[in-house]
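One structure is given here, and the rest of the page talks about it.
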Amino acid sequence: MEKNKNTENDLISEATDILKNNQVGSYTVPSKLLYPHQWLWDSCFISVGLRHIDIDRARAEIMHLLRGQWKNGMMPNIVFGDNTKKLQLQRMWQSQVSPFSPDDILTSGITQPPLLAEAIFKIGEKLDKKERIIWYQSTYKNLIDYHNWIYEDRDPHDEGLALLLHPWESGMDNTPPWMNELHLNLTPKWIQFIKKSKLDYLYSFLRLDTKFVHISERLSNSDAMSLYSMQRKMRKKHYGTKKILGHNSFAVEDLTFNCILIKANDYLSKIAKTINEKIPAKLVESMDLSIKSLDKLWDEKTSEYYSRQFETHDLLKISSISSLMPLYSGAINKERAEHLVKTIEDHSKFSTPFPIPTMPVNSEWFNPLSYWQGPTWINMNWMIIEGLKNYGFQEHADVLTKTTIDLVEQGGFSEYFNPIDGNPLGIHDFSWTAALIIDLLNS
Ligand code: GLC
């Protein structure tokens, strides 16, 4: 990365300050204002950045996440700290309703994209051999339990594709492929009524996020209400996947989640190899199947990858940044990878002045302000950069690295950015933006 050394150092020191300010005991919150707990994929990204500046803190970040692991292996998307009082969010989740939740710590009841193996592996890269082995050994069982859970619980038909039960599990809360389904089939009648009668504005008085960020940059009130209502239904079923699936719930084999899973399996194999462990045969079978099954998400007609409905196997044919994630998975051939790179370069799709937008600009859903419906997110760029490098598109990776760093240099360490004018959006001083900029500047 060719960058003025002073600018680089300034950015790293600003990012380090943000990560320090967002530290709560042994973990880091995404934002003290808006997300004052520990989030799963956030902390994976955060520890990848922290490993360059404070390796002990990077390890502690992961160990705190692991405290929240469920007895069935699930990694919840939110872990509450010891020091958090009975807060609204804990009351909302009530993880104790599940027999699998941990005894000594409160969590949410759903998961998030599985970046844990990559975070653990990358922290290991910064340790000397002896310490690396100890680190991998101390986390290996957790990883095996976690990946086993993904397949046993979330791939009930042994298809090699994990299903998700809530848009929050995708990490991209209002991503259009999910929201379209929600609007068509899942919005409860009472929410439809409230929306029609234009009473949904009343919900804004209850929301926390819109106290800090303008509603045009967040989910609409009716969508937010629908997501909370889905969560309540899951709680009523004690977060049991079978029970939830048995009640006409909507389940999606999410493209981004499964690409991350394939990549995570690869990191898990590398970790196992380093410590001479043998991954259980059944898990290896599922891992291999995932690589093959990615092809089931490819649509020949539109030449694109999509998420899929779990029950009907219908592809959710709405383009989004997920369509590019097979690049990160590493599981597609060079020809397909080249095709995706062309899509990134296409001005009618993902090539905007401040790339990469979470929706292609030619989509009817594209909105440069609205959360996961258009804005550029640093974590998605970071994963795509990794994919570009792995497929040998080094120049493309360098350009995207530069535009990503420039975007943050101009707009600050925001949660997301307008892909057209580069303006910062969402909350400021966002932890994964800080951590991943540190990582990009060190790569
Ligand atoms: C929002 C994001 C999600 C993130 C969380 C905490 O819900 O959509 O990806 O993990 O905030 O930052």
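The values are calculated or read from the model by the stated rules, or taken from the named source; none is laboratory data. Note that this is a predicted model, so its numbers are computed, not measured. All Cβ positions, glycine included, derive from the backbone under ideal geometry; neighbour counts span all protein chains shown. Note: areas computed on protein heavy atoms with side chains; ligands, DNA, RNA excluded. Shrake-Rupley method; radii C 1.70, N 1.55, O 1.52, S 1.80 Å.
Scanning segment 21-47 for residues that are farther than 9 Å from Ser431 by Cα and within 11 Å of the ligand (Cβ to nearest atom) yields a total of 9.
For (1) modelled with pLDDT under 85; (2) closer than 27 Å to Ser101 by Cα; (3) over 23 Å from the mean Cα position of the chain (by Cα); (4) not aromatic (Phe, Trp, Tyr), each residue gets a yes or a no:
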| position | (1), (2), (3), (4) |
| --- | --- |
| Thr187 | yes, no, yes, yes |
| Ile191 | yes, no, yes, yes |
| Lys196 | yes, no, yes, yes |
| Arg218 | no, no, no, yes |
| Ala224 | no, yes, no, yes |
| Leu227 | no, yes, no, yes |
| Arg235 | no, yes, no, yes |
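For Ser319, state whether it is under 21 Å from the mean Cα position of the chain (by Cα), assigned to a helix (DSSP H, G or I), of a type outside the set (A, V, I, L, M, F, W, C) and at pLDDT 95 or above. No; evaluated as a whole, the condition is false for this residue. Taking the criterion of being without any contact (Cβ under 8 Å) to a residue 24 or more places away in the chain, assigned to a helix (DSSP H, G or I) and open to solvent by 70 Å² or more (accessible area, probe 1.4 Å), the residues of segment 203-227 that qualify are Phe205, Lys211. Scanning segment 403-417 for residues that are within 17 Å of Gln373 (Cβ to Cβ) and either among the charged types (D, E, K, R) or open to solvent by 10 Å² or more (accessible area, probe 1.4 Å) (or both) gives a single hit, Glu415. Quick check: anything in segment 18-34 out of contact with any Lys or Arg (no Cβ under 9 Å at 6 or more places or on another chain) and either of a type in the set (Asp, Glu) or closer than 23 Å to Lys233 by Cβ (or both)? No, segment 18-34 has no match at all. When we screen Gly109, Gly171 for residues that are within 16 Å of the ligand (Cβ to nearest atom), of a type outside the set (Lys, Arg) and assigned by TED's automatic domain parsing to the domain that holds Gln231, the only hit is Gly171.
All of (1) in a helix (DSSP H, G or I); (2) in contact (Cβ under 8 Å) with a residue 60 or more places away in the chain hold for Lys20 with one exception: (2). Within segment 88-106, none of the residues are within 23 Å of Ile260 (Cα to Cα) and either modelled with pLDDT of 95 or more or not acidic (Asp, Glu) (or both).
Residues in segment 56-75 that are in contact with a strand residue (DSSP E or B) (Cβ under 6 Å, 6 or more places away or on another chain) and of a type in the set (Asp, Glu): Glu61 only. Among the residues of this structure, Arg308 does not count as one that is assigned by TED's automatic domain parsing to the domain that holds Gln373, out of contact with any Gly (no Cβ under 7 Å at 6 or more places or on another chain) and not hydroxyl-bearing (Ser, Thr, Tyr). Among the residues making up segment 418-433, those that are within 16 Å of the ligand (Cβ to nearest atom) and within 13 Å of Leu369 (Cα to Cα) are Pro424, Leu425, Gly426, Ile427.
The number of residues in segment 174-202 being more than 16 Å from the ligand (Cβ to nearest atom) and either hydroxyl-bearing (Ser, Thr, Tyr) or outside any helix (DSSP H, G or I) (or both) comes to 6.
Condition check ((1) touching a Cys at 6+ places or on another chain (Cβ under 7 Å); (2) more than 17 Å from Gly422 (Cβ to Cβ); (3) outside the structural domain of Lys263 (by TED's automatic domain parsing); (4) within 16 Å of the ligand (Cβ to nearest atom)) across all residues:
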position: Thr312; (1), (2), (3), (4): no, yes, no, no
position: Pro326; (1), (2), (3), (4): yes, yes, yes, no
position: Thr352; (1), (2), (3), (4): no, no, yes, no
position: Pro355; (1), (2), (3), (4): no, no, yes, no
position: Asn362; (1), (2), (3), (4): no, yes, yes, no
position: Leu369; (1), (2), (3), (4): no, no, yes, yes
position: Gln373; (1), (2), (3), (4): no, yes, yes, yes
position: Thr376; (1), (2), (3), (4): no, no, yes, yes
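Just one of the listed residues (Ile275, Ile291, Ile262, Ile271) is surrounded by fewer than 21 Cβ atoms within 10 Å (Cβ to Cβ) and under 22 Å from the mean Cα position of the chain (by Cα), namely Ile291.
Looking across segment 155-168, not a single residue is away from the ligand (no atom under 16 Å from the Cβ), more than 15 Å from Cys259 (Cα to Cα) and within 19 Å of the chain's Cα centre (by Cα).
For segment 394-417, the set of residues classified as farther than 20 Å from Glu345 by Cβ, in contact with a Phe, Trp or Tyr (Cβ under 6 Å, 6 or more places away or on another chain) and away from the ligand (no atom under 16 Å from the Cβ) consists of Gly411 only.
For (1) in the same structural domain as Leu261 (by TED's automatic domain parsing); (2) in contact with a helix residue (DSSP H, G or I) (Cβ under 8 Å, 6 or more places away or on another chain); (3) open to solvent by 10 Å² or more (accessible area, probe 1.4 Å), each residue gets a yes or a no:
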site: Gln69; (1), (2), (3): no, yes, yes
site: Pro76; (1), (2), (3): no, yes, no
site: Phe80; (1), (2), (3): no, yes, no
site: Phe100; (1), (2), (3): no, no, yes
site: Ala119; (1), (2), (3): yes, yes, no
site: Tyr136; (1), (2), (3): yes, yes, no
site: Tyr140; (1), (2), (3): yes, yes, yes
site: Tyr146; (1), (2), (3): yes, yes, no
